[in-house]
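S.K.: Have a look at this one before I ask anything.
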Amino acid sequence: MKSSSTAKTIIVLPTTFESCTKDTVGSKAFHLICMQKKELDVPPFVIVPVDVVDELLVPLRSSIEAQIQIINNYPERDLNEMAFSIQQEIRHFQPSQEWEEKILSSCEHFFGKNYEVSIRSSGLDEDTQGASFAGIHESYLYCNAQNLIPQIMNTIASAWGLSALSYRQQKSLPLKDIQIALIIQKMVPAVRSGVAFSMHQGANLADAVIVAGYGLGTGIVEGKVETDTFFVNRQDRSIHQQLTTKASQIIKKENGQLLSPLQEHLQDQACLTTENIQQIYDQLLKAEKLLKAPADIEFSYDKEDRLHLLQMRPITTINADQLIILDNTNIVESYPGITLPLSFSFALKAYENVFKGASDAFWISRKIMNRHTKVFANLLAHYKGRVYYRLDNWYRMVALVYSSHRSMDAWEKAVGLTHTERGQVRFQFQNQLKAIGSALWLLINHKRNNRRFFKAFAKNYEKLKACVTYHNDINLLWEYYEQASLQLFKPWYQTLVNDFLAFKMFGWLQNALARYVGAQQLSLANDWISGLGEVLSEKALISTLQLKETIEQDRELQLLFNQNAQQILDQLQTGKYSSFYRNIKEHLQLYGDRTLAELKLETPSFRKAPVHFIELLKNQLQNNMTVAKYRQQQSDLRNKADQLIRSSLPWWHPALYYLRWLRKRAAYGLQNRENMRFCRTKGYGAVKDIFLEIGKLMQKEQLIESADDVFYLNLEALKAYCTLDKRESLHTYIQELKNQYKTLASQQLPGRIIYEKGAMPDLTLESNTQAVEAGRLKGIPVSGGTITGEAIVVTTPEPGTPVKGRILISAMTDPGWVFLMSQAIGLISEKGSLLSHTAIVGRELGLPVVVGIPRATELFKTGDRITMDGHSGWVEKSKYHEEIPHSTGERAE
C-alpha cells in the first residue's frame, strides 16, 4: 500500500526545539532537548514529531485499531499473530515520495552527505512513571540514505510488536491509539559504551552504578559483551569496582554490527579510568536535577576519549518520596564504630524529646507536630550496630522551620552534608513568616533563656547524680532515674536554639567580613573570636596541660610516668604522690566525663576508668604545648585578625561597629554552644553511672554475667526488667548479642545508605560476582526476592514456550523476551549486567533476577528444582520440594 496523502513532512530541527513538549515529541526526545539546552554533550539529532507519524499512519489507523479492538474484546486471542499482522502492514506501507524526499533532504542538510545515524522511538508512554519501555521498541544503528526510510518504518512498527503490546498489558497501558515520535541522531564512533543509574536499584541507592564495556552500546544493554561495574557513593564520591575479563566487543561492520574479539591487552584492565567515572557521575547528577528524579543515562566514549550522552530517562521503579536515607555525617564522630542497644535507644529518645521542644520554641503548632510524630520518633537509625541519622526525616523536620532552599543550603553546610538528598522537601510560605517571627523573639530572649538553661541544669544534674543512692532497690532506682532524666533534658531544646542563633550570627559575621574587609578565607571569623569567653571544654584542656607541666617540673613524677598507665595509677593510689593525685582526682571530678566517644554509654568515662586518663596524660608528655603557648596562640590569631580588619576600615566606619557587634554575638553563641555540650557530657556521665548501678544489681541477682552487660539491652527491655517482680536470666540472650556485634564490628559499611521502605539492602555481600561455592553459583543480583521452583532452560524463545510458573534460564535475553518473562516467577541469565534492558524490565515486573552466571544453561536442566536469591545473587539446586509461588525475600525497613 502506498500513501497518496500530502502529509505534513516536518522534521523538528534544533532551531525549533523551544516549541516542543512531551505531548508533541515524547519524553525521550524531550529529555534530549533538555540536555542540549543545559549544554550536556549530546550528539546532534532531529525529531520526527508525533503528529507527523500520526498523519503518516492515517491510511492504516482503522485497520490497526480494528485488530486492537479484537484483542480488547477477546483477550484469549493470539496476541503474537495480531502483533505480527499489524507490524507487517506498517513495514510494507509506502510513504509518499514527497514525504520520503523531505526526510532524506532534511537529514542530508542537517547531518551532511554520507551521514550515518541511529533511529530510536520516543513514544508518548515511554520513559514515564512506572513504564520505561527499556529496549522494548526497536532501534537501528548506522542508518544512511539508502536504508533510512525502511528503518524508520521498522521502528514505528515495533510500537505494535509482541514485546511492546505484552509490556503494555503488563503495565495496564491502553493498546489503542498508540502514538510515537522518532529521534534521528548522529552516530558516535564508540570505542567504549555503557549505562549509568544515579541510584543502584536492588542494593544501596546511595551508590550510583555505572556498567561499561568495549564497542557499541548495543553490546552492553543487550548483555552480549562482558562488562565492568563501577559504584560511586553519593556521600563522598568514593569508587569501588567489579572487573571482569572482557573477551568481546560489538563493532561496526559494512552491513551492520559484528561481535568481535577484544584486544588481549585490554581484556583484564578497567575499561573506564577514574576520571571517566567521575565525569559520568557528574553527568548523572545533572540528569537527576533536570528530571527531578533518579536518572538513567546511556553514554559512549569516542577514540578521542570524549564523552557523549545518548539519552536520559527517569528510573521508573524508584519512588523518590518513599526513600529512607541513612547518613552518618557528623554523628559518626559521637558514635564511632559499634554502638550498643542501650546507647542507641537512649539517644533516640533524647533526640525525639529535644527536637520536639525546639519545634515548640520555633512556633510549630501542636497539630503539625502531631502529624510528624513518626518523624520525631525516628531521627536516628541503628543499622548493623552503627548509628545513622534518618536524613529523610531530618529534611522533613527542618522544613517545618526553614522555608527556602537557601536556608536549607545553610543547614546542610552547618551539619557537613556534602551532597544533598532533599528531593522530599516541601516548603510552605507560612513557615517563612513563623521562622522570622520566632527567630526575632528567640534572639531578644537569647541570653535570658541561656541563663535559665544553665540554672536548671545545675539543679537537675545534682538530682540525677543522687539517683545512685537508691542502689539497693532496682524498682526505686529506675523510677527516680526516669523522673530526674526527664527534668534534666526537658529544657534541652535551648541548646538547639542557641546553636541556631550562633550559626546565624557566625554566618553573618563571615559574610560581613567578606563584604567590608574583602577577606575570603573562612578562618578569619574564627581567628577574630578565638579565646573570647570562658569555655568549659577549654578549661578541661588547660587543666590537663597544668597537670602535664607539674610532671615536667618534678623529677620523681617524670620517673613515675616512664612506667605503664596501670603501674602509674597503682603508685599514685599508695599515697606517695598524694598532692599530685589529689589534683588528678579534682580534674576527674570536674572534667572526667569528657572522653572519646563519650556519648556511647558503654564507653567508660575517665572518672570511672582513671587509667585511661593516665594514658592520655602520658601522651601529652610527648608534645611541647603549655598553657602559656596555648594562650599566646589564641592571642596571636585574634590580634592578627583584628589588625587586618582595622587596616581595612577606619575607626569611624559604621561597618566596624556592626562587625564588632556580630563578633560579640557570635562569640557568645559559640561559647555557650561548647558549654552546653559539656553539660551534655556531664549529663550522659550521670546516666552512665545509673545504668552501671542497675547493671550491678542485675549481676547481683545473676540476671547478667557482668554489670557492663546492661548496655546490650535497650531502654524498653531495661525498664521491663527493672519494674517486673519476676525476672529471668539474660546470659544466653546477651551472649548471642555479643557474638552478633563481634561479627558486625568487622564489617565495613558506607557512610550513606538509601533504600525504599521495606527494601533494606544487604550491604555485606561478596564483591566477586563470579565465585562458585559448593555447587552453588554466584551471579549479579538484580532484583530482590528468594524463590524456589522448577527450571526451564530456553535457548530459542517461542511464544508457546511453557514458561508460566517456572524459573526462566537462558544464555542471554533481550527485551523481546518480555512476553516470556512476564509469565516466569524468576529469571537467570548467563549474560547481562545490573543495567541491561533485561534487568530493568525484570525489576519492573517484580521478578527475582540474577544475571552474569557462566554456563547456567549447561549446569541446570529443564525440570530441575532450584532456589534463587535475587538479594545476594546465589543460585543452587533446591534441597526442598515445596514450591514457593511468590517472592519470599524478607526486607527490613
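S.K.: Specify which of the listed residues (Gln770, Gln735) is surrounded by 13 or more Cβ atoms within 10 Å (Cβ to Cβ), out of contact with any helix residue (DSSP H, G or I) (no Cβ under 7 Å at 6 or more places or on another chain) and modelled with pLDDT of 85 or more. First the steps, then the outcome.
M.R.: On the way: Gln770 fails: modelled with pLDDT of 85 or more.
On inspection, the qualifying residue turns out to be Gln735.
S.K.: While we're here: Can you name the condition, by its number, that Met625 falls short on among (1) in a helix (DSSP H, G or I); (2) touching a helix residue (DSSP H, G or I) at 6+ places or on another chain (Cβ under 7 Å); (3) modelled with pLDDT under 90?
M.R.: (1)
S.K.: Continuing with the same structure: Among the residues of segment 243-266, what is the count of those that are open to solvent by 40 Å² or more (accessible area, probe 1.4 Å) and either in contact (Cβ under 8 Å) with a residue 60 or more places away in the chain or assigned to a loop (DSSP other than H, G, I, E, B) (or both)?
M.R.: Qualifying residue count for the region: 8.
S.K.: Which residues, counting only those in segment 612-626, are open to solvent by less than 30 Å² (accessible area, probe 1.4 Å) and in contact (Cβ under 8 Å) with a residue 40 or more places away in the chain? Give the steps one after another, and end with the answer.
M.R.: Residues of segment 612-626 open to solvent by less than 30 Å² (accessible area, probe 1.4 Å): 613-614, 617.
Ile614, Leu617 - these are the residues of segment 612-626 that are open to solvent by less than 30 Å² (accessible area, probe 1.4 Å) and in contact (Cβ under 8 Å) with a residue 40 or more places away in the chain.
S.K.: May I ask you to verify whether Tyr668 is crowded, with 19+ Cβ neighbours inside 10 Å, of a type in the set (Ser, Thr, Tyr) and closer than 17 Å to Phe457 by Cα? Talk me through it step by step, then tell me what you get.
M.R.: Values: crowded, with 19+ Cβ neighbours inside 10 Å: yes; of a type in the set (Ser, Thr, Tyr): yes; closer than 17 Å to Phe457 by Cα: no.
So Tyr668 fails the test.
S.K.: So in segment 563-581, with the set limited to residues that are outside any loop (DSSP other than H, G, I, E, B) and of a type in the set (Phe, Trp, Tyr), which one is farthest from Phe606 (Cα to Cα)?
M.R.: Of all residues in segment 563-581, those outside any loop (DSSP other than H, G, I, E, B) come to 565-572, 578-581.
Now drop any that are not of a type in the set (Phe, Trp, Tyr), which leaves 580-581.
On the way: Phe580: 17, Tyr581: 14 Å.
Going through the qualifying residues, I end up with Phe580.
Yes/no matrix, rows are residues, columns are (1) without any contact (Cβ under 8 Å) to a residue 60 or more places away in the chain; (2) basic (Lys, Arg); (3) buried (at least 23 other Cβ atoms within 10 Å of the Cβ):
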position: Ala190; (1), (2), (3): no, no, yes
position: Val209; (1), (2), (3): no, no, yes
position: Gly219; (1), (2), (3): yes, no, yes
position: Glu222; (1), (2), (3): no, no, no
position: Gln235; (1), (2), (3): no, no, no
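S.K.: Taking Tyr351 as the residue in question, decide whether it is in contact with a strand residue (DSSP E or B) (Cβ under 8 Å, 6 or more places away or on another chain) and open to solvent by 30 Å² or more (accessible area, probe 1.4 Å). Steps first, please.
M.R.: Working: in contact with a strand residue (DSSP E or B) (Cβ under 8 Å, 6 or more places away or on another chain): yes; open to solvent by 30 Å² or more (accessible area, probe 1.4 Å): yes.
When the stated conditions are applied, Tyr351 passes them.
S.K.: Part of a helix (DSSP H, G or I) and farther than 20 Å from Ala347 by Cβ: which single residue out of Glu482, Glu462 fits that description? Please lay out each step first, then the result.
M.R.: On the way: Glu482 fails: farther than 20 Å from Ala347 by Cβ.
The conditions single out Glu462.
S.K.: Please specify each residue of segment 193-207 satisfying the condition of being farther than 16 Å from Lys757 by Cβ and open to solvent by less than 10 Å² (accessible area, probe 1.4 Å).
M.R.: Answer for segment 193-207, where residues must be farther than 16 Å from Lys757 by Cβ and open to solvent by less than 10 Å² (accessible area, probe 1.4 Å): Ser193, Gly194, Val195, Ala196, Phe197, Ser198.
S.K.: Something else now. Can you name the residue in segment 539-562 that is of a type in the set (Asp, Glu) and either in a helix (DSSP H, G or I) or open to solvent by less than 50 Å² (accessible area, probe 1.4 Å) (or both) and, of all such residues, is farthest from His587 (Cα to Cα)? I'd like the intermediate steps shown before the answer.
M.R.: Filtering segment 539-562 for residues of a type in the set (Asp, Glu) gives 549, 552, 554, 556.
Filter once more, so that each one left must be either in a helix (DSSP H, G or I) or open to solvent by less than 50 Å² (accessible area, probe 1.4 Å) (or both): 549, 552, 556.
On the way: Glu549: 14, Glu552: 18, Glu556: 21 Å.
Applying the filter and picking the extreme gives Glu556.
S.K.: Which of the residues belonging to segment 324-345 are at negative phi and open to solvent by 10 Å² or more (accessible area, probe 1.4 Å)? Spell out the reasoning first.
M.R.: Initial filter on segment 324-345 (at negative phi): 324-329, 331-336, 338-345.
Matches in segment 324-345: Asn328, Thr329, Val332, Glu333, Ser334, Pro336, Ile338, Leu340, Pro341, Phe344, Ser345.
S.K.: Continuing with the same structure: Go through (1) surrounded by 14 or more Cβ atoms within 10 Å (Cβ to Cβ); (2) more than 40 Å from the chain's Cα centre (by Cα); (3) of a type outside the set (Asp, Glu) one by one and return the number of the condition Leu536 breaks.
M.R.: For Leu536, the failing item is (2).
S.K.: Which residue, of Met760, Met698, is farther than 30 Å from Leu532 by Cβ, out of contact with any helix residue (DSSP H, G or I) (no Cβ under 8 Å at 6 or more places or on another chain) and open to solvent by less than 40 Å² (accessible area, probe 1.4 Å)?
M.R.: Details: Met698 fails: out of contact with any helix residue (DSSP H, G or I) (no Cβ under 8 Å at 6 or more places or on another chain).
Matching residue, one of Met760, Met698: Met760.
S.K.: Output the number of the condition that Ala361 fails; it satisfies all remaining conditions of (1) buried (at least 20 other Cβ atoms within 10 Å of the Cβ); (2) over 23 Å from the mean Cα position of the chain (by Cα).
M.R.: (1)
S.K.: Okay, moving on. Could you give me the residue pairs with C-beta distances under 9 Å whose first residue belongs to segment 554-583 and is on the phi < 0 side of the Ramachandran plot, whose second residue is open to solvent by less than 70 Å² (accessible area, probe 1.4 Å) and among the small types (Gly, Ala, Ser) wherever it lies, and which are 6+ apart or on separate chains?
M.R.: Short answer, once both residue conditions are applied: Leu572/Ser578; Tyr581/Gly575; Asn583/Ser543.
S.K.: Kindly indicate which of Pro815, Pro799 is surrounded by fewer than 20 Cβ atoms within 10 Å (Cβ to Cβ), at pLDDT below 70 and of a type outside the set (A, V, I, L, M). Let's see the steps before the verdict.
M.R.: Numbers: Pro815 fails: surrounded by fewer than 20 Cβ atoms within 10 Å (Cβ to Cβ).
Exactly one residue qualifies, and that residue is Pro799.
S.K.: What residue, among those in segment 384-429 that are in a loop (DSSP other than H, G, I, E, B) and aliphatic (A, V, I, L, M), is modelled with the lowest pLDDT? Working first, answer last.
M.R.: Start the filter on segment 384-429 by keeping residues that are in a loop (DSSP other than H, G, I, E, B), which leaves 384-385, 399-404, 416-421, 425-428.
Those left that are additionally aliphatic (A, V, I, L, M): 399-401, 417, 425.
Values: Ala399: 83, Leu400: 84, Val401: 79, Leu417: 75, Val425: 65.
Of everything passing the filter in segment 384-429, Val425 is modelled with the lowest pLDDT.
S.K.: Another question, then. Given (1) open to solvent by less than 90 Å² (accessible area, probe 1.4 Å); (2) part of a loop (DSSP other than H, G, I, E, B); (3) modelled with pLDDT of 90 or more; (4) of a type outside the set (A, V, I, L, M), identify the lone condition not met by Pro750.
M.R.: Every listed condition holds for Pro750 apart from (3).
S.K.: While we're here: Taking helices (runs of 4 or more DSSP H) that fall entirely within segment 69-158, which contain at least 3 residues that are over 44 Å from the mean Cα position of the chain (by Cα) and modelled with pLDDT of 90 or more? Full working, then the answer.
M.R.: Details: elements: 79-91, 97-111, 148-157.
Passing ranges, in order: 79-91, 97-111.
S.K.: Give the residue that is farthest from Lys455 (Cα to Cα), with candidates limited to residues of segment 495-512 that are in contact (Cβ under 8 Å) with a residue 12 or more places away in the chain and among the polar types (S, T, N, Q). Don't jump to the end; show me each part of the working.
M.R.: So the first thing to find is which residues in segment 495-512 are in contact (Cβ under 8 Å) with a residue 12 or more places away in the chain, and the list is 495-510, 512.
Next cut, among the polar types (S, T, N, Q) only: 495, 498, 510.
Working: Thr495: 13, Asn498: 15, Gln510: 32 Å.
The extreme case among them is Gln510.
S.K.: Considering only residues of segment 251-277 that are over 27 Å from Met199 (Cβ atoms) and of a type in the set (A, V, I, L, M, F, W, C), which is nearest to the chain's Cα centre (by Cα)? Before the answer, list the steps.
M.R.: Residues of segment 251-277 over 27 Å from Met199 (Cβ atoms): 251-269.
Checking which are of a type in the set (A, V, I, L, M, F, W, C) leaves us with 251, 258-259, 262, 266.
On the way: Ile251: 36, Leu258: 39, Leu259: 37, Leu262: 35, Leu266: 33 Å.
So, considering only residues that are over 27 Å from Met199 (Cβ atoms) and of a type in the set (A, V, I, L, M, F, W, C), the one nearest to the chain's Cα centre (by Cα) is Leu266.
The values are calculated or read from the model by the stated rules, or taken from the named source; none is laboratory data. Just so you know, these numbers come straight off a predicted model, no measurement behind them. No Cβ is skipped: glycine too gets one built from the backbone with ideal geometry, and neighbour counts run over all protein chains shown. For the accessible areas, the whole protein counts, side chains as well, though only heavy atoms, and no ligand, DNA or RNA atoms are used. Shrake-Rupley method; radii C 1.70, N 1.55, O 1.52, S 1.80 Å.
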